[in-house]
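K.L.:
Before we start, here is the structure in question, set down as structure tokens.
The values are calculated or read from the model by the stated rules, or taken from the named source; none is laboratory data. From a predicted model like this one, the values you see are computed outputs, not experimental measurements. Ideal geometry is used to build each Cβ from the backbone, glycine not excepted, and the neighbour counts take in all protein chains shown.
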Amino acid sequence: MKQTTFASLSYDAKKKKTRREVFLAEMEQVVSWLALLAVIEPFYPTAGRRGRPPMPLPTMLRIYFLQQWYGLSDPAAEEALYEIEPMRRFAGLELAEEAIPDETTILHFRRLLEQHELTAQLMNTINDVLEEKGLLLKGGTMVDATIIHAAPSTKNKGKARDPEMHQTKKGNQWFFGMKVHVGADVNSGLAHTVSVTPANASDLSQLPDLLREDDRAVFGDRGYVDNRLKRAARAAGVFWGINLKAPPQRALGAGQKARNRRLSSVRSRVEHLFRIIKRQFGYVKVRYRGLAKNAAQVFALVGLANLYLKRRALLA
């Protein structure tokens with residue numbers, strides 16, 4: 001039990017709950033904390049620097065999730081814990097009674113997750129829990145990709161752009177960064193498989209890795225058109241729901257356009273996941289150099305986005 005301070009009593013007496021408080025209260029209930037902590041615990045140190053005990057693992061995991069939900073860097077996360085009471089409460093910290101983790105401690109925890117590739121395991125654990133509750137079903141997959149921008153400037157210490165990021169052309173516009181490829185369940189809209197590549201990697205190159213062995217249907221936009229895979233899918237009894245692409249110098253017929261609209265009404269559900277990651281969580285630009293660090297963050301974001309999509313069902 002923690003001693004209640006006068007500041008906490010004053011905060012409890014306020015008349016309105018903010019949107020941040022409502023959101024964090026929901027996440028407190030829908031996240032399977034024990035299952036996620038069990039993934040990290042074997043790798044978490046039992047003694048800190050100079051023999052001091054480390055910060056409690058539940059506190060550090062909650063801070064890491066706060067970073068993903070609110071787009072916080074390590075220094076910004078430390079400052080937010082000092083300034084914002086709902087975040088401090090969510091992390092289980094009392095300002096007057098306990099030490100607030102500094103940015104170096106937060107950095108070390110993030111690197112621990114990256115070093116042991118734990119964020120992918122966290123995403124899979126979240127999906128396992130959703131599947132057990134009947135919220136992540138099987139049968140068909142929607143595939144799509146989105147571009148995450150990286151800084152194209154060379155005004156830095158190395159005088160060069162990130163060598164692991166590349167540029168690609170979409171329409172008449174060029175983009176520099178990486179791609180997040182997602183395979184999402186047709187029924188629930190939840191992502192079950194994720195891959196991260198440089199932006200110049202084709203969407204089609206990732207298609208085989210985004211499908212599940214028991215999928216009976218696949219939906220995607222024109223970027224996944226491939227006659228060889230189409231014939232193989234039909235031979236295996238898999239419904240090929242990839243939008244048709246007009247041949248050069250020709251236009252699609254009315255029936256073909258109508259078919260594309262029907263398929264797009266199914267495929268478009270995968271865009272909801274990207275909306276949450278980019279608009280709700282604010283992840284539109286990479287934070288680190290290199291694919292590995294950024295991929296680790298993407299896995300965490302996708303797992304948390306799955307929880308956010310099904311939070312109402314989980315609360316019920």
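K.L.:
Those residues that are assigned to a strand (DSSP E or B) and under 23 Å from Ala300 (Cβ atoms), I need them from region 144-174; list them, please. Quick ask: steps written out before the conclusion?
P.N.:
Restricting attention to region 144-174, the residues satisfying the condition of being assigned to a strand (DSSP E or B) are 144-149, 166-170, 173-174.
Once the filter is applied, which keeps residues that are assigned to a strand (DSSP E or B) and under 23 Å from Ala300 (Cβ atoms), region 144-174 yields Asp144, Ala145, Thr146, Ile147, Ile148, His149.
K.L.:
Write out, first by first residue and then by second, each pair whose Cβ atoms fall under 6 Å of each other, whose residues are 6+ apart or on separate chains, and whose first residue, in region 258-286, is closer than 11 Å to Phe219 by Cα while the second is small (Gly, Ala, Ser).
P.N.:
Taking only residues 6 or more apart or on different chains, the pairs are Leu263/Gly241; Arg269/Gly189; Val270/Ala184.
Residue-by-condition table, conditions (1) of a type in the set (Phe, Trp, Tyr); (2) in a helix (DSSP H, G or I); (3) assigned by TED's automatic domain parsing to the domain that holds Ala191; (4) closer than 22 Å to Tyr283 by Cα:
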| residue | (1), (2), (3), (4) |
| --- | --- |
| Phe23 | yes, yes, no, yes |
| Leu61 | no, yes, no, yes |
| Ala77 | no, yes, no, yes |
| Phe90 | yes, yes, no, yes |
| Leu112 | no, yes, no, yes |
| Met123 | no, yes, no, yes |
| Val129 | no, yes, no, no |
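K.L.:
OK, next. List the number of the failed condition for Met142; all other conditions in (1) closer than 24 Å to Ala236 by Cα; (2) of a type outside the set (S, T, N, Q); (3) without any contact (Cβ under 8 Å) to a residue 60 or more places away in the chain hold.
P.N.:
Failed condition: (3).
K.L.:
Here is a list of conditions, (1) over 24 Å from the mean Cα position of the chain (by Cα); (2) surrounded by 20 or more Cβ atoms within 10 Å (Cβ to Cβ), and Ala91 meets all of them except one; can you say which number that is?
P.N.:
Result: Ala91 fails condition (1) only.
K.L.:
Look through region 272-316, keep the residues that are basic (Lys, Arg) and touching an Asp or Glu at 6+ places or on another chain (Cβ under 7 Å), and return whichever of them is farthest from Ser188 (Cα to Cα).
P.N.:
First pass over region 272-316, keeping only residues basic (Lys, Arg): 275, 278-279, 285, 287, 289, 293, 310-312.
Those still in the list that are touching an Asp or Glu at 6+ places or on another chain (Cβ under 7 Å) too: 289, 293, 311.
On the way: Arg289: 33, Lys293: 28, Arg311: 13 Å.
The qualifying residue farthest from Ser188 (Cα to Cα) is Arg289.
K.L.:
Then there is this: Any chance region 149-167 includes a residue that's more than 22 Å from the chain's Cα centre (by Cα), in the same structural domain as Arg262 (by TED's automatic domain parsing) and β-branched (Val, Ile, Thr)?
P.N.:
Taking every residue of region 149-167 in turn, at least one turns out to be more than 22 Å from the chain's Cα centre (by Cα), in the same structural domain as Arg262 (by TED's automatic domain parsing) and β-branched (Val, Ile, Thr).
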